[in-house]
1. What part of the accessible area of the chain, given as a whole %, is carbon or sulfur when the probe is 1.4 angstrom?
2. Using only helices, what value at 222 nm comes out for the chain when you add -39,500 (n - 2.57) per DSSP H run of length 4 or more and divide by the total residues, to the nearest 500 deg cm²/dmol?
3. With only alpha-carbon pairs counted, each pair once and no self-pairs, how large is the Kirkwood hydrodynamic radius of the range 251-303 in angstroms?
4. So how long is each side of the range 37-83 along the principal axes, counting just the alpha-carbon atoms, biggest first, in Å?
5. Give me the percent of Cα-Cα pairs in the range 88-147 that sit more than 13 Å apart, rounded to a whole number.
6. Which pairs, out of Lys17/Lys56; Lys122/Lys198; Lys103/Lys198; Lys2/Lys150; Lys201/Lys334, put more than 27 Å between their alpha-carbon atoms?
7. Which whole number of Å³ per residue matches the convex hull of the alpha-carbon atoms in the range 123-250?
8. Among Ala15, Ala295, Ala55, which one moves the most in a GNM of the chain with springs linking Cα atoms closer than 10 Å?
Amino acid sequence: MKNPQISVILPCYNAAKTLEEALESLAAQSFCDFEVIAVDDGSTDNTGLILDLWAKKDSRFNHISRPHAGVISASNVGMLASQAPYIARTDADDRSHPERLAKQWAFLEENREIAVVSSLVKAFPEKDVGGGFQVYIEWLNSIVTDAEIKREIFVESPLPNPSVMFRREWLLKMGGYEERGFPEDYDLYLRMYLAGAKFAKIPEVLHEWREHPNRITHTDSRYSLENFLRTKAYYLARGPLKGRDAVIIWGSGMMGRRLAKQLERQDVPLAAFVDIDPKKIGRERRGKPIIAPDALAECWGQYQNPVLLASVGSRGARKLIRERLNNFGYVEGKDWWAAA
(Lines give C-alpha, C1' and ligand atoms only; values in the text may rest on other atoms or scores of the structure.)
Protein backbone atom coordinates (compact mmCIF):
# COMPACT_ATOMS: atom_id res chain seq x y z
CA MET A 1 0.00 0.00 0.00
CA LYS A 2 1.43 3.40 -0.97
CA ASN A 3 1.92 6.08 1.61
CA PRO A 4 -0.73 8.81 1.83
CA GLN A 5 -0.02 12.36 0.68
CA ILE A 6 -0.91 13.94 4.03
CA SER A 7 -0.52 12.83 7.63
CA VAL A 8 -2.82 14.73 9.99
CA ILE A 9 -1.36 14.81 13.51
CA LEU A 10 -4.04 15.08 16.19
CA PRO A 11 -2.93 15.11 19.85
CA CYS A 12 -5.83 14.30 22.17
CA TYR A 13 -6.21 14.61 25.92
CA ASN A 14 -9.62 14.19 27.58
CA ALA A 15 -11.24 15.51 24.41
CA ALA A 16 -14.38 13.35 24.31
CA LYS A 17 -16.75 16.35 24.31
CA THR A 18 -15.39 17.84 21.07
CA LEU A 19 -13.45 15.02 19.40
CA GLU A 20 -16.32 13.66 17.27
CA GLU A 21 -16.84 17.06 15.67
CA ALA A 22 -13.12 17.38 14.87
CA LEU A 23 -12.99 13.88 13.36
CA GLU A 24 -16.14 14.44 11.33
CA SER A 25 -14.63 17.57 9.81
CA LEU A 26 -11.62 15.52 8.71
CA ALA A 27 -13.75 12.71 7.32
CA ALA A 28 -15.62 15.31 5.25
CA GLN A 29 -12.48 16.53 3.46
CA SER A 30 -12.71 16.73 -0.34
CA PHE A 31 -9.09 15.50 -0.46
CA CYS A 32 -9.14 11.81 0.45
CA ASP A 33 -5.49 10.70 0.32
CA PHE A 34 -4.63 11.28 3.97
CA GLU A 35 -4.12 9.45 7.25
CA VAL A 36 -5.05 10.71 10.69
CA ILE A 37 -2.62 9.86 13.46
CA ALA A 38 -4.43 10.64 16.70
CA VAL A 39 -2.21 10.42 19.76
CA ASP A 40 -4.25 9.72 22.90
CA ASP A 41 -2.09 11.34 25.56
CA GLY A 42 -3.27 9.33 28.56
CA SER A 43 -6.91 10.43 28.49
CA THR A 44 -9.15 9.36 31.38
CA ASP A 45 -12.47 10.00 29.58
CA ASN A 46 -13.92 8.31 26.46
CA THR A 47 -11.33 9.74 24.04
CA GLY A 48 -9.72 6.32 23.49
CA LEU A 49 -13.09 4.64 22.87
CA ILE A 50 -14.07 7.26 20.29
CA LEU A 51 -10.75 6.82 18.48
CA ASP A 52 -11.18 3.03 18.50
CA LEU A 53 -14.61 3.31 16.88
CA TRP A 54 -13.33 5.65 14.17
CA ALA A 55 -10.38 3.37 13.41
CA LYS A 56 -12.76 0.45 12.90
CA LYS A 57 -15.05 2.27 10.49
CA ASP A 58 -12.41 4.19 8.48
CA SER A 59 -8.94 2.77 7.83
CA ARG A 60 -7.48 6.27 7.38
CA PHE A 61 -8.01 6.95 11.10
CA ASN A 62 -5.32 5.50 13.35
CA HIS A 63 -4.40 6.19 16.92
CA ILE A 64 -1.60 5.69 19.37
CA SER A 65 -2.28 5.41 23.09
CA ARG A 66 0.39 6.32 25.63
CA PRO A 67 0.80 7.63 29.18
CA HIS A 68 0.17 11.33 29.64
CA ALA A 69 3.28 13.36 28.71
CA GLY A 70 1.90 16.58 27.23
CA VAL A 71 1.11 18.09 23.86
CA ILE A 72 4.74 18.55 22.75
CA SER A 73 5.59 14.90 23.20
CA ALA A 74 2.26 13.76 21.71
CA SER A 75 2.77 15.91 18.61
CA ASN A 76 6.27 14.56 18.08
CA VAL A 77 5.10 10.96 18.51
CA GLY A 78 2.59 11.59 15.72
CA MET A 79 5.25 13.24 13.55
CA LEU A 80 7.61 10.27 13.85
CA ALA A 81 4.79 7.83 13.08
CA SER A 82 3.72 9.75 9.97
CA GLN A 83 4.23 8.38 6.46
CA ALA A 84 3.30 11.29 4.22
CA PRO A 85 5.43 14.03 2.62
CA TYR A 86 3.11 16.63 4.16
CA ILE A 87 2.14 16.88 7.84
CA ALA A 88 -0.96 18.80 8.89
CA ARG A 89 -1.69 19.69 12.50
CA THR A 90 -5.10 20.03 14.04
CA ASP A 91 -6.59 19.94 17.52
CA ALA A 92 -9.29 17.77 19.01
CA ASP A 93 -11.57 20.72 19.75
CA ASP A 94 -11.40 22.45 16.35
CA ARG A 95 -13.03 22.07 12.93
CA SER A 96 -11.42 21.91 9.49
CA HIS A 97 -13.16 23.33 6.42
CA PRO A 98 -13.91 20.58 3.82
CA GLU A 99 -11.40 22.13 1.39
CA ARG A 100 -8.62 22.69 3.90
CA LEU A 101 -6.41 19.72 3.07
CA ALA A 102 -7.02 20.00 -0.68
CA LYS A 103 -6.10 23.67 -0.86
CA GLN A 104 -3.06 23.45 1.41
CA TRP A 105 -1.74 20.36 -0.41
CA ALA A 106 -2.19 22.01 -3.82
CA PHE A 107 -0.48 25.17 -2.60
CA LEU A 108 2.58 23.30 -1.32
CA GLU A 109 2.73 21.23 -4.51
CA GLU A 110 2.77 24.42 -6.59
CA ASN A 111 5.07 26.46 -4.31
CA ARG A 112 8.06 24.28 -3.57
CA GLU A 113 9.92 27.05 -1.74
CA ILE A 114 7.28 27.27 1.02
CA ALA A 115 8.02 25.26 4.18
CA VAL A 116 4.67 25.63 5.93
CA VAL A 117 1.27 26.95 4.92
CA SER A 118 -1.56 28.05 7.19
CA SER A 119 -4.87 29.75 6.39
CA LEU A 120 -7.19 32.39 7.70
CA VAL A 121 -9.09 31.27 10.79
CA LYS A 122 -12.39 31.91 12.50
CA ALA A 123 -13.01 31.65 16.24
CA PHE A 124 -16.15 29.93 17.54
CA PRO A 125 -18.60 29.79 19.27
CA GLU A 126 -19.10 33.54 18.87
CA LYS A 127 -20.58 34.02 22.35
CA ASP A 128 -17.35 32.80 23.95
CA VAL A 129 -14.94 34.84 21.84
CA GLY A 130 -13.67 37.77 23.90
CA GLY A 131 -12.35 41.05 22.59
CA GLY A 132 -8.69 40.21 23.08
CA PHE A 133 -8.93 36.91 21.21
CA GLN A 134 -10.86 38.58 18.38
CA VAL A 135 -8.15 41.25 18.05
CA TYR A 136 -5.56 38.44 17.78
CA ILE A 137 -7.65 36.66 15.12
CA GLU A 138 -7.97 39.89 13.11
CA TRP A 139 -4.21 40.38 13.29
CA LEU A 140 -3.56 36.76 12.25
CA ASN A 141 -5.86 37.15 9.25
CA SER A 142 -4.17 40.40 8.21
CA ILE A 143 -0.74 38.82 7.65
CA VAL A 144 -0.78 36.34 4.77
CA THR A 145 2.41 36.51 2.67
CA ASP A 146 5.90 35.41 3.68
CA ALA A 147 7.02 39.06 3.83
CA GLU A 148 4.07 40.08 6.04
CA ILE A 149 4.52 37.12 8.37
CA LYS A 150 8.25 37.75 8.77
CA ARG A 151 7.69 41.47 9.26
CA GLU A 152 5.54 40.76 12.33
CA ILE A 153 6.89 37.44 13.56
CA PHE A 154 8.16 39.02 16.79
CA VAL A 155 4.77 40.58 17.55
CA GLU A 156 2.99 37.28 18.32
CA SER A 157 2.86 33.73 17.02
CA PRO A 158 1.90 34.37 13.36
CA LEU A 159 0.49 30.94 12.44
CA PRO A 160 -2.39 29.28 14.33
CA ASN A 161 -0.83 25.90 15.12
CA PRO A 162 -3.89 23.70 14.42
CA SER A 163 -4.24 25.29 10.97
CA VAL A 164 -0.81 24.51 9.52
CA MET A 165 0.56 22.04 6.99
CA PHE A 166 4.32 21.42 6.92
CA ARG A 167 6.65 19.80 4.47
CA ARG A 168 7.68 16.75 6.44
CA GLU A 169 11.39 17.27 5.73
CA TRP A 170 11.24 20.74 7.30
CA LEU A 171 9.55 19.49 10.45
CA LEU A 172 12.09 16.68 10.82
CA LYS A 173 14.95 19.09 10.09
CA MET A 174 13.81 21.28 12.99
CA GLY A 175 13.46 18.30 15.30
CA GLY A 176 9.73 18.85 15.67
CA TYR A 177 8.43 20.72 18.69
CA GLU A 178 10.86 21.32 21.55
CA GLU A 179 10.40 21.76 25.29
CA ARG A 180 12.08 25.00 26.40
CA GLY A 181 9.36 26.33 28.68
CA PHE A 182 8.28 28.45 25.69
CA PRO A 183 4.99 28.27 23.74
CA GLU A 184 6.01 25.29 21.60
CA ASP A 185 4.42 26.40 18.33
CA TYR A 186 5.85 29.93 18.46
CA ASP A 187 9.24 28.46 19.35
CA LEU A 188 9.08 26.21 16.28
CA TYR A 189 8.13 29.01 13.89
CA LEU A 190 10.91 31.24 15.22
CA ARG A 191 13.43 28.44 14.78
CA MET A 192 12.17 27.96 11.23
CA TYR A 193 12.42 31.72 10.63
CA LEU A 194 16.07 31.78 11.72
CA ALA A 195 16.73 28.72 9.54
CA GLY A 196 15.44 30.56 6.46
CA ALA A 197 12.03 28.92 6.06
CA LYS A 198 9.35 30.57 3.96
CA PHE A 199 5.79 30.87 5.24
CA ALA A 200 2.39 31.40 3.63
CA LYS A 201 -1.35 31.33 4.26
CA ILE A 202 -4.26 30.42 2.04
CA PRO A 203 -6.26 33.69 2.06
CA GLU A 204 -9.49 31.89 3.00
CA VAL A 205 -10.97 30.72 6.30
CA LEU A 206 -10.13 26.99 6.28
CA HIS A 207 -9.95 26.39 10.02
CA GLU A 208 -12.32 27.08 12.90
CA TRP A 209 -10.61 27.58 16.24
CA ARG A 210 -12.70 26.78 19.31
CA GLU A 211 -12.50 29.19 22.23
CA HIS A 212 -13.23 27.81 25.71
CA PRO A 213 -11.82 28.25 29.23
CA ASN A 214 -9.90 24.96 29.12
CA ARG A 215 -8.02 25.72 25.89
CA ILE A 216 -4.37 24.95 26.57
CA THR A 217 -3.30 28.54 25.92
CA HIS A 218 -5.41 29.53 28.94
CA THR A 219 -4.28 26.74 31.27
CA ASP A 220 -0.58 26.08 30.53
CA SER A 221 2.05 28.50 31.88
CA ARG A 222 4.08 28.13 28.67
CA TYR A 223 1.59 30.54 27.07
CA SER A 224 1.86 33.29 29.68
CA LEU A 225 2.84 36.80 28.59
CA GLU A 226 6.17 36.45 30.39
CA ASN A 227 7.01 33.28 28.48
CA PHE A 228 6.07 34.87 25.17
CA LEU A 229 8.47 37.72 26.03
CA ARG A 230 11.17 35.21 27.01
CA THR A 231 10.69 33.49 23.65
CA LYS A 232 10.92 36.74 21.71
CA ALA A 233 14.04 37.85 23.59
CA TYR A 234 15.76 34.49 23.09
CA TYR A 235 15.27 34.50 19.32
CA LEU A 236 15.73 38.25 18.84
CA ALA A 237 19.16 37.86 20.46
CA ARG A 238 20.02 35.05 18.03
CA GLY A 239 18.49 36.77 14.98
CA PRO A 240 17.93 40.49 14.34
CA LEU A 241 19.93 41.64 17.40
CA LYS A 242 22.96 39.42 16.80
CA GLY A 243 26.09 41.50 16.33
CA ARG A 244 24.37 44.82 17.18
CA ASP A 245 26.21 47.25 19.41
CA ALA A 246 23.06 49.06 20.61
CA VAL A 247 19.41 48.15 21.01
CA ILE A 248 16.90 50.99 21.35
CA ILE A 249 13.37 50.17 22.51
CA TRP A 250 10.49 52.39 21.40
CA GLY A 251 8.19 52.18 24.40
CA SER A 252 9.05 52.67 28.07
CA GLY A 253 5.70 51.42 29.31
CA MET A 254 4.86 48.01 30.72
CA MET A 255 5.51 46.07 27.51
CA GLY A 256 8.79 47.79 26.71
CA ARG A 257 10.05 47.40 30.30
CA ARG A 258 9.23 43.71 30.44
CA LEU A 259 10.81 43.02 27.06
CA ALA A 260 13.90 44.99 28.13
CA LYS A 261 14.23 42.80 31.23
CA GLN A 262 14.19 39.64 29.13
CA LEU A 263 16.64 41.11 26.60
CA GLU A 264 19.09 42.00 29.36
CA ARG A 265 18.99 38.37 30.44
CA GLN A 266 20.18 37.54 26.91
CA ASP A 267 23.09 40.02 27.30
CA VAL A 268 21.64 42.36 24.67
CA PRO A 269 23.27 45.85 24.73
CA LEU A 270 20.34 48.12 25.63
CA ALA A 271 21.10 51.76 24.91
CA ALA A 272 17.90 53.82 25.30
CA PHE A 273 14.11 53.95 25.30
CA VAL A 274 12.03 56.16 23.01
CA ASP A 275 8.70 57.52 24.26
CA ILE A 276 6.22 60.23 23.30
CA ASP A 277 5.07 60.93 26.88
CA PRO A 278 6.65 64.23 27.98
CA LYS A 279 6.41 63.07 31.62
CA LYS A 280 8.76 60.17 30.85
CA ILE A 281 11.23 61.89 28.51
CA GLY A 282 14.43 62.78 30.34
CA ARG A 283 13.98 60.05 32.93
CA GLU A 284 15.49 56.55 32.94
CA ARG A 285 14.25 52.96 32.62
CA ARG A 286 16.53 50.14 33.73
CA GLY A 287 19.37 52.67 33.92
CA LYS A 288 18.94 53.80 30.30
CA PRO A 289 17.73 57.24 29.13
CA ILE A 290 14.21 57.83 27.83
CA ILE A 291 14.41 60.08 24.78
CA ALA A 292 11.89 61.78 22.49
CA PRO A 293 11.41 60.50 18.92
CA ASP A 294 13.13 63.60 17.56
CA ALA A 295 16.26 62.67 19.52
CA LEU A 296 16.44 59.20 17.97
CA ALA A 297 18.76 60.20 15.13
CA GLU A 298 21.34 61.66 17.50
CA CYS A 299 21.25 58.54 19.69
CA TRP A 300 21.41 56.30 16.63
CA GLY A 301 24.47 58.09 15.30
CA GLN A 302 26.50 57.25 18.40
CA TYR A 303 26.73 53.57 17.42
CA GLN A 304 28.15 51.55 14.54
CA ASN A 305 25.36 48.99 14.19
CA PRO A 306 22.24 49.95 16.19
CA VAL A 307 18.74 48.48 15.94
CA LEU A 308 15.34 49.52 17.25
CA LEU A 309 12.48 47.41 18.62
CA ALA A 310 8.96 48.85 18.75
CA SER A 311 7.30 47.47 21.89
CA VAL A 312 4.13 49.36 22.80
CA GLY A 313 1.13 47.28 23.83
CA SER A 314 -1.68 49.77 23.18
CA ARG A 315 -3.88 49.00 20.20
CA GLY A 316 -3.01 50.98 17.10
CA ALA A 317 0.44 52.01 18.39
CA ARG A 318 2.32 49.72 15.99
CA LYS A 319 0.81 51.43 12.94
CA LEU A 320 1.66 54.91 14.24
CA ILE A 321 5.23 53.93 15.14
CA ARG A 322 5.67 52.27 11.74
CA GLU A 323 4.58 55.48 10.00
CA ARG A 324 6.90 57.59 12.15
CA LEU A 325 9.93 55.36 11.59
CA ASN A 326 9.23 55.12 7.87
CA ASN A 327 9.11 58.91 7.72
CA PHE A 328 12.44 59.05 9.57
CA GLY A 329 13.92 56.76 6.90
CA TYR A 330 14.41 53.63 9.02
CA VAL A 331 13.86 50.35 7.16
CA GLU A 332 11.67 47.72 8.81
CA GLY A 333 13.35 44.33 8.89
CA LYS A 334 16.79 45.95 8.67
CA ASP A 335 16.91 48.89 11.08
CA TRP A 336 13.93 47.99 13.24
CA TRP A 337 11.40 45.29 14.10
CA ALA A 338 7.98 45.35 15.69
CA ALA A 339 8.01 43.37 18.95
CA ALA A 340 4.53 44.07 20.35
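The values are calculated or read from the model by the stated rules, or taken from the named source; none is laboratory data. On a predicted model such as this, the values are computed, not experimentally measured, just so you know. Cβ: placed from backbone, ideal geometry, glycine included. Neighbour counts: every protein chain shown. Quick note on the areas: whole protein, heavy atoms, side chains included, nothing else; ligands and nucleic acids left out. Shrake-Rupley method; radii C 1.70, N 1.55, O 1.52, S 1.80 Å.
1. 51
2. Helix-only estimate at 222 nm: -11000 deg cm²/dmol.
3. Details: mean 1/r = 0.0881 Å⁻¹.
Evaluated over the range 251-303, this radius sits at 11.4 Å.
4. Sorted largest first, the three principal extents are 28, 28, 11 Å.
5. 70
6. Beyond 27 Å: Lys2/Lys150.
7. 127
8. Ala295
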